[in-house]
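Below: the structure, in structure tokens.
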Amino acid sequence: MTKRLLLGNDAFCEGLIAGGVRFYAGYPITPATEIAEAMSRRMPQVGGTYVQMEDELGSMSAIMGASATGVKSATASAGPGMALMQNELGQAIVAEIPLVVVNVQRAGPGIGNATRSGQMELMQSRYGANGEVPAVVLAPSTVEEAFWLTVKAVNLSEMLRTVVIVLGEGLLGLQRAVVDLPDDYGEIELAERPRPTVPPAQYLGNYNANELSDVPPIADFGSGYKSILSSVGISRRGGGDISVLGLSENDQDFTIRRLHQKLLDRKDEITLFEEFMTDDAEIVYIAFGTQALSAIGAMHEARANGIRAGVLRLISLWPFPEEVVRSCCAKARAVVVPEMNLGQARLLVGNALANTGVKIVGVNRVDSITIKPAQILDRTMEVLS
Amino acid sequence: MSLPNGMPATRPAKKKLDLQRPLDELVEMYADIPDKSFRYCPGCGLGMAQSAIMRAFHRAGVDITKVATAGGSGCYSVMGHYFKSSHIHGSHGRGCAYATGLKLARPELTVLTLQGDGDLLAIGGNHFIHAARRNIDITVICFNNYNFGDTGGQFAPTTPLGSKTDTSSLGMPEPAFDACKLAIGAGAGFVARSTVAHPAHLTKMIADAIEWKGFAFVEVMQHCHVLWGRRNGMPEAMDMMRFYKDNSVLHLSTVPEEERFDIPVYSEDEKDVKFVLGVLHREKKPEYTEEYAKLRAKAMAKLPAKVKS
Ligand SMILES: Cc1ncc(C[n+]2csc(CCOP(=O)(O)OP(=O)(O)O)c2C)c(N)n1
Ligand code: SF4
Ligand SMILES: [Mg+2]
């Protein structure tokens, strides 16, 4: 391990490289621009490719093409760029093309507020694309975690044959911190997508699934197999007909359910979280990303004031870890959800704790200023009184 | 003697066009038809274009397992499924961007896009011009049927001024794109046009485009008699084939006799001619994946062998 002073955005880059990414397509946007800049230098150094596309639809499409050949591929963006990407994001998820997308969230709708940070795309990252697609979303809280979680994102994207979103924030991407990085990325364990094991003549295509939990093999373009990547499928889905016409009702039902089920059946491997003193907690702070650090600060202050507070730091946001929320709040009278939006995570926590009688409140800021532990503490006093 | 558009004055030895080879032999070699039937309307020009592409694969001598195609939405979008090659059937308009990723990640692949005129020139126009500008070694094939066929025949950026479509029942009010001029303007090194009524010529254009090192564009005039033809006085496939035959001329008189395929040669006084066929532009320039490979080699030389942070 070597100590290095690293920019958050560079940590995302190094995580992608360490995860095996060798193709990056991008379109510059604040506060994610440093990722494109660093990748333009780093990709060719490690034998990979950087291409600057004409827009974010182009970046997403180019990485889909590159990943189709078996090369691990990624892009990064923010706010309006992420909005443009939704079309291809959904397409890549249903075509089951492994990819990683880093969203360094800025604040505000439309073009937003480029230099300000937020946590406003939690729901977009799950529900932004059309057609009931699932999502895998990971949110780091620190620069060092940004590195390791991005490696994990690449591994999950391969293992699950899906798009994994790393949900960053401007506050994190533009923060410099001293971090421990491995000296040799070659020692990090990497995952590979399932590839066909039968000869080309026997290959039934990239969607040859029989069970809802299946992650079928995918053949690299140019590897001797006929490999079709498509949302309508030429390939057998759920044992249905081989057709280019589009999916029959049964095949469509099977496809959409399988896209979700293949993730849910591997939720243990996807779910990451950290809990602090939740065992006896009468009040639990549930937060993600940078705001989880404020929650931890508030917990210490609360404990110093004799309040049994705990923290659940959510790292995997989708599939949302309801069971973890429930178990961490087993003794809680109340839950406070501090977040830099108007209550997106609170809604999910509320769902998870439905009918438990636990009181759930939020601390919400949309002015791009970090929530102070004191604010969380004030809210704590209000709910407990 | 120097000829226009960088055309070589002496031509390399010609390969045989091999148009005589029975279609079923080619089908065996290059095609894979999962539904055992085609999803085009009877008589549609797409079937003819598909045969020409198959013959062009053969003429260009490609290894079909090393061919990758990409396309979006439209009547043509099933075509990529019908070859033995690999294919991305993606969303509407993104073909050139998929192809850019495919080719950059694996330069050894032969990469083509199969795109409709709406797909390439309306929703996908931005990717098209930038792929041409980069001069990346892909072949973009545009099936110009004068309309959005798949959605029922609305006007496209190629619909001739005044002609009738679903969304221009009183006549198309907008002027049309000349896709070939657009490609040349954007920096394409090889630009050609042909029609499905000239199968031998079309095959030659596509084969030359595949063999061209750099960005190559072929506009294929492909009739949609069912939608555009019916609304514009040419309801039968044969009407439109005749329309192409009667209104096409070859671009350059310098094309050797054997490759004129009985197409009349363009002369300056035929100003109102509709379809100028042939290679409209040929210009060698640095190819993007090769240029990037040089840059990569430089960058790698500076870094120790181990992937280090
Ligand atoms: C984003 C998006 N917008 C609209 C459509 C609907 N749509 C499907 S095909 C098509 C037009 C196809 O026209 P063209 O590319 O010329 O192909 P053709 O059907 O004529 O072969 C449209 C608008 C779509 N699939 N996706
Ligand atoms: S609608 Fe037109 S372009 Fe589409 S398949 Fe039918 S004839 Fe061909
Ligand atoms: Mg069309």
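The values are calculated or read from the model by the stated rules, or taken from the named source; none is laboratory data. Bear in mind that the values here come from a model prediction, so they are computed numbers and not experimental data. When we count neighbours, we look across all protein chains shown, and the Cβ atoms used for this are built from the backbone with ideal geometry, even at glycine. Calculation scope for accessible area: heavy atoms of the full protein, side chains included, ligands and nucleic acids excluded. Shrake-Rupley method; radii C 1.70, N 1.55, O 1.52, S 1.80 Å.
List of remarks:
- Being modelled with pLDDT of 95 or more, away from ligand 3 (no atom under 16 Å from the Cβ) and among the hydrophobic types (A, V, I, L, M, F, W, C) is a description that applies to B:L109.
Each row is one residue, and each column tells you yes or no for (1) more than 20 Å from B:L114 (Cβ to Cβ); (2) within 14 Å of chain A (Cβ to nearest Cβ); (3) within 16 Å of ligand 3 (Cβ to nearest atom); (4) among the charged types (D, E, K, R).
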residue: B:E219; (1), (2), (3), (4): no, no, yes, yes
residue: B:R231; (1), (2), (3), (4): yes, no, yes, yes
residue: B:E236; (1), (2), (3), (4): yes, no, no, yes
residue: B:K245; (1), (2), (3), (4): yes, no, no, yes
residue: B:V249; (1), (2), (3), (4): yes, no, no, no
residue: B:E258; (1), (2), (3), (4): yes, no, no, yes
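- Members of the range B:136-151 found to be within 16 Å of ligand 2 (Cβ to nearest atom) and in contact with a Leu (Cβ under 7 Å, 6 or more places away or on another chain), listed by number: B:I141, B:C142, B:F143, B:N147, B:G149
- Scanning the range B:219-234 for residues that are in a loop (DSSP other than H, G, I, E, B), open to solvent by 60 Å² or more (accessible area, probe 1.4 Å) and within 11 Å of ligand 2 (Cβ to nearest atom) yields a count of 0.
Matching residues to (1) open to solvent by 10 Å² or more (accessible area, probe 1.4 Å); (2) within 16 Å of ligand 1 (Cβ to nearest atom); (3) farther than 15 Å from B:M48 by Cβ; (4) within 14 Å of another protein chain (Cβ to nearest Cβ):
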position	(1), (2), (3), (4)
B:A176	yes, yes, yes, no
B:A179	no, yes, yes, no
B:T195	no, yes, no, no
B:A209	no, no, yes, no
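- Checking each residue of the range A:213-221 against the condition of being among the aromatic types (F, W, Y) and open to solvent by 10 Å² or more (accessible area, probe 1.4 Å) gives no match.
- Candidate set from the range B:161-174 (those that are within 16 Å of ligand 2 (Cβ to nearest atom) and not hydroxyl-bearing (S, T, Y)); member that is surrounded by the most Cβ atoms within 10 Å (Cβ to Cβ): B:K164
- Counted residues, the range A:18-49 - those being in a helix (DSSP H, G or I), free of Cβ contacts under 8 Å to residues at least 40 places away in the same chain and under 20 Å from A:L190 (Cβ atoms): 4
- For the range A:56-83, a residue qualifies if it is at negative phi, open to solvent by 10 Å² or more (accessible area, probe 1.4 Å) and either within 9 Å of chain B (Cβ to nearest Cβ) or of a type in the set (A, V, I, L, M, F, W, C) (or both), and the qualifying residues are A:L57, A:V71, A:A83.
- Residue satisfying all of: in the range B:31-83; within 16 Å of ligand 2 (Cβ to nearest atom) and among the aromatic types (F, W, Y); modelled with the highest pLDDT among these: B:Y76
Let's see how each residue does on (1) at the interface with chain A (Cβ under 8 Å from one of its Cβ atoms); (2) without any contact (Cβ under 8 Å) to a residue 40 or more places away in the chain; (3) over 22 Å from A:N87 (Cβ atoms):
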position	(1), (2), (3)
B:C44	no, no, yes
B:R59	no, no, yes
B:Y76	no, no, no
B:T100	yes, yes, no
B:E108	yes, no, yes
B:I141	no, no, yes
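- Listed conditions (1) out of contact with any strand residue (DSSP E or B) (no Cβ under 9 Å at 6 or more places or on another chain); (2) open to solvent by less than 10 Å² (accessible area, probe 1.4 Å); (3) within 8 Å of ligand 1 (Cβ to nearest atom) are all met by B:D117, apart from (1).
- Per-region count, the range A:2-17, residues open to solvent by less than 50 Å² (accessible area, probe 1.4 Å), under 18 Å from A:V178 (Cα atoms) and in contact (Cβ under 8 Å) with a residue 60 or more places away in the chain: 8
- Tally, over the range A:217-237, of residues that are in a loop (DSSP other than H, G, I, E, B), touching a strand residue (DSSP E or B) at 6+ places or on another chain (Cβ under 7 Å), within 20 Å of A:K72 (Cα to Cα) and free of Cβ contacts under 8 Å to residues at least 60 places away in the same chain: 1
- Per the listing A:F273, A:F254, the residue uniquely farther than 28 Å from B:A105 by Cα, modelled with pLDDT under 95, surrounded by 15 or more Cβ atoms within 10 Å (Cβ to Cβ) and aromatic (F, W, Y) is A:F254.
- Index of the failed condition, A:T370 passing every other in (1) assigned to a strand (DSSP E or B); (2) closer than 26 Å to A:T115 by Cβ: (1)
- Hits in the range A:168-196 - residues which are more than 14 Å from chain B (Cβ to nearest Cβ), outside any helix (DSSP H, G or I) and open to solvent by 30 Å² or more (accessible area, probe 1.4 Å): A:L174, A:Q175, A:R176, A:E189, A:E192, A:P194
- Residues satisfying the stated conditions in the range B:139-152, i.e. surrounded by fewer than 24 Cβ atoms within 10 Å (Cβ to Cβ) and more than 9 Å from ligand 3 (Cβ to nearest atom): B:T151, B:G152
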